[in-house]
Amino acid sequence: MASVVPYLIRAYHEWMEDSGFTPHILVDCSKPDVVAPKPFIQQDKIVLNISSDATTSLVINNEAISFKARFDGKSQDIYVPTDAVLTIYTGENGEGMFFENKAKPTDTDKPKKTNLSVLD
């Protein structure tokens, strides 16, 4: 089953922009494949402004958030897998949503079949 997280990120992003708020995401940079400017990462986390005013070529799909943004005056490519997003919130009032982003279940996490039978 597909994760609901990317759908919620897109919905919150749209609602925030339509309401005149500035959407920010808190990213867990310890997750694999995160591409973010290292000087701005603190304690394996970074806050990114993902508003249309702060980004170029913003794409929010089911796998990741990607865009170009300026840091210290230099344009940089940013790539954040959706499972690395810890929260999306407005910069103005902090309203938003936290995500648990648990690891995908493995075969060992699935319930075991039992050898029970129905008796009449």
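The values are calculated or read from the model by the stated rules, or taken from the named source; none is laboratory data. Quick caveat: nothing in here was measured; it's all calculated off a predicted structure. Positions of Cβ are generated from backbone atoms using ideal geometry, with glycine treated the same way; all protein chains shown enter the neighbour counts. Calculation scope for accessible area: heavy atoms of the full protein, side chains included, ligands and nucleic acids excluded. Shrake-Rupley method; radii C 1.70, N 1.55, O 1.52, S 1.80 Å.
Observations on the structure shown:
- From the list A36, A54, the lone residue that is over 13 Å from G96 (Cβ atoms) and either open to solvent by less than 30 Å² (accessible area, probe 1.4 Å) or β-branched (V, I, T) (or both) is A36.
- Taking the criterion of being charged (D, E, K, R) and either under 17 Å from G73 (Cα atoms) or open to solvent by less than 50 Å² (accessible area, probe 1.4 Å) (or both), the only residue of the stretch 21-33 that qualifies is D28.
Residue-wise test of (1) under 15 Å from D28 (Cβ atoms); (2) in a loop (DSSP other than H, G, I, E, B).
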| position | (1), (2) |
| --- | --- |
| V59 | no, no |
| N62 | no, yes |
| S66 | no, no |
| A69 | no, no |
| I78 | yes, no |
| D83 | yes, no |
| T87 | yes, no |
| E92 | no, yes |
| E100 | yes, yes |
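- Residues (more than 19 Å from G96 (Cα to Cα) and either under 13 Å from the mean Cα position of the chain (by Cα) or open to solvent by 60 Å² or more (accessible area, probe 1.4 Å) (or both)) located in the stretch 39-51: P39, F40, Q42, Q43, D44
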